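Written below as structure tokens is the structure these notes are about.
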Amino acid sequence: MTRLAIAAAAALALLLGLTACHDYPRDADDMTAQAAGRGMRVGASHDPPWLVVLPDGRVGGPEAELLQRYADAHGYRLIWLPGSHDALMAELERAHLHAVAGGHHADSPWQAKVGWSRPLVLRASPDGPLPERRIALPPGQSAWHLAFDRYLAGRGDAQ
Amino acid sequence: MSADRQRPPPRELPPAQREALARAERLCAWTLLWMSLVAAMMYFSMGGSQAMKTALIEDLLSLLPSAAFLVASWFRRKGVDEEYLSGRERAFDINFLISAVALTGVGLALVYDSLRTLATATRPEVGTVMVAGHVIWQGWVMIAALALSAVPPVILGRRKMALARTLSLKPLHTDADVSKADWMTAAAGIVGVAGIGFGLWWADAVAALAISASILHDGAANLRAAVRDLHDARPQKLDRSEPDPLPDRLCAEISALPWMDGCAVRLHEEGLHLSGIVLLRNRTLTAAQVEEVRAIARALDWRLDRVDVSLDLRDD
């Protein structure tokens, strides 16, 4: 058993050594590369005042502006995909979307199935309360998730 | 002769074994404490990793053998009374069954979770955490928690294995197997989380599946042995590799007695001890001869503290 434990420890040390490479962690479905190549696909679920889907299909509101700033900062072309919340989340769970903004509830069944950004620092009005709002991210895309949260934290956009 | 005199007294243990049993009890109490802390730590550090969730389930299940051991030991100490006329030696046999079921349950939980993850192609979610103002990948926290969680089972498991040998106590041996399953699952969890970091969403589940084969093997072997022991089957060595040599040695020593016409022993495991009957081929038997046989058994091993002696009067 001692020899087995030593072998296990050696294997783990090797593994952790390998993970010290610069592109770690990575995405399960190359979401970061996809955003750069084919555009960043973001689902928008109408949820005023945070995210407003206008009748002509354009998307506005503070959360939409935040995502636009993120896309601009990385040179991604932002593609808005307005839709119903459940349909968008189903797409997100299969890693077909880069994010879903608006329409999230703390007790939603999607809570455990997808990833969540750090809580945003957004207020409906300058002296309004600070609700815990997050952007939904595709599960298993560690590099994408980490980059997004680092951006939020770096700009003071995360709580 | 009063009813009290007919009842056997509680079965005493030699001082060394009594001390070992007390140490085993303390070890099990420490197990409950440490593994509860580990389970709490895992709960707060786990993300969506299946292996991590399974490791938590396993930590909770691994409390079961130690808890059962403490209950069994307490129950056994109560000894003989109006209700339990032959004492409560079998408490440890029940403990053995419970431990074996827990170990098998751990293995089955692992297989179920891994297969479900693979079948549904679920991408395990590993998010981020804030540590001292820095956003870091949660995988690092999970790996640290898993590595930390492997330390208590390695230490506790080794100590339990040593005590199980001193006491020839199978439930303690199974508890040590559960500890082994614990740290192996933690190691598999680390490989799984590191794999997720490489973008291999299935790494987690495959690592858990690989470990579950070994755990299920241990669980099934223990389960079979527990069922055997409850049927008073032929005694086996502690690691269940082969029959216990004690019955044959007892028979050999008894056969060496000058007045002996031949003997057969039929022993079974009863908690810490071996109980059973020695059948002699003699036509007659005196009280002194019976006591002589019993003395040989007691001198041979502390586990043979009480054997019955009878005549095998079949005509053949």
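The values are calculated or read from the model by the stated rules, or taken from the named source; none is laboratory data. Note that the structure is predicted; figures quoted are calculated from it, not measured. Here Cβ is always computed from backbone atoms with ideal geometry, including for glycine, and neighbour counts include all displayed protein chains.
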Unmet criterion (only one of (1) crowded, with 19+ Cβ neighbours inside 10 Å; (2) closer than 30 Å to B:Val178 by Cβ; (3) β-branched (Val, Ile, Thr)) for B:Val265: (2)
Yes/no for A:Ala106 being hydrophobic (A, V, I, L, M, F, W, C) and at pLDDT 90 or above: no
Test for B:Gly199: is it of a type in the set (Gly, Ala, Ser), under 30 Å from B:Val141 (Cα atoms) and without any contact (Cβ under 8 Å) to a residue 12 or more places away in the chain: yes
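With the structure loaded, tell me whether B:Arg298 is out of contact with any strand residue (DSSP E or B) (no Cβ under 8 Å at 6 or more places or on another chain), of a type outside the set (A, V, I, L, M) and over 27 Å from B:Glu12 (Cα atoms) or whether it fails that test.
no
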Inter-residue pairs, beta-carbon under 8 Å, first farther than 21 Å from B:Ala288 by Cα and modelled with pLDDT of 90 or more and in the range B:240-268, second of a type in the set (Val, Ile, Thr) and in a helix (DSSP H, G or I), 6+ apart: none
Contacts under 6 angstrom Cβ, first residue in the range B:220-237 being within 21 Å of B:Gly107 (Cβ to Cβ), partner loosely packed, with under 13 Cβ neighbours inside 10 Å, 6 or more apart: none
Test set (1) within 14 Å of chain A (Cβ to nearest Cβ); (2) surrounded by fewer than 24 Cβ atoms within 10 Å (Cβ to Cβ); (3) under 23 Å from B:Ser114 (Cβ atoms); (4) not basic (Lys, Arg) - B:His217 fails condition number: (1)
Cβ pairs under 7 Å, 6+ apart, first in the range B:46-74 and crowded, with 24+ Cβ neighbours inside 10 Å, second at pLDDT below 75 and assigned to a loop (DSSP other than H, G, I, E, B): B:Met52/B:Met46
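Among the candidates B:Ala51, B:Ala39, B:Ala55, which residue alone is touching a Ser or Thr at 6+ places or on another chain (Cβ under 6 Å) and at pLDDT below 90?
Unique residue meeting the criteria: B:Ala55.
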Residue ID - farthest from the chain's Cα centre (by Cα), chosen from residues in the range B:285-310 that are assigned to a loop (DSSP other than H, G, I, E, B) and modelled with pLDDT of 90 or more: B:Thr286
Every residue from the range A:64-99 that is within 14 Å of another protein chain (Cβ to nearest Cβ) and part of a strand (DSSP E or B): A:Ala99
Residue satisfying all of: in the range B:127-150; touching a strand residue (DSSP E or B) at 6+ places or on another chain (Cβ under 8 Å) and in a helix (DSSP H, G or I); farthest from the other protein chains (Cβ to nearest Cβ) among these: B:Val141
Criterion: among the hydrophobic types (A, V, I, L, M, F, W, C), touching a Cys at 6+ places or on another chain (Cβ under 9 Å) and assigned by TED's automatic domain parsing to the domain that holds B:Arg26 - qualifying residue of B:Leu146, B:Leu172: B:Leu172
From B:Ile196, B:Ile155, residue being farther than 30 Å from B:Glu269 by Cα and not charged (D, E, K, R): B:Ile196
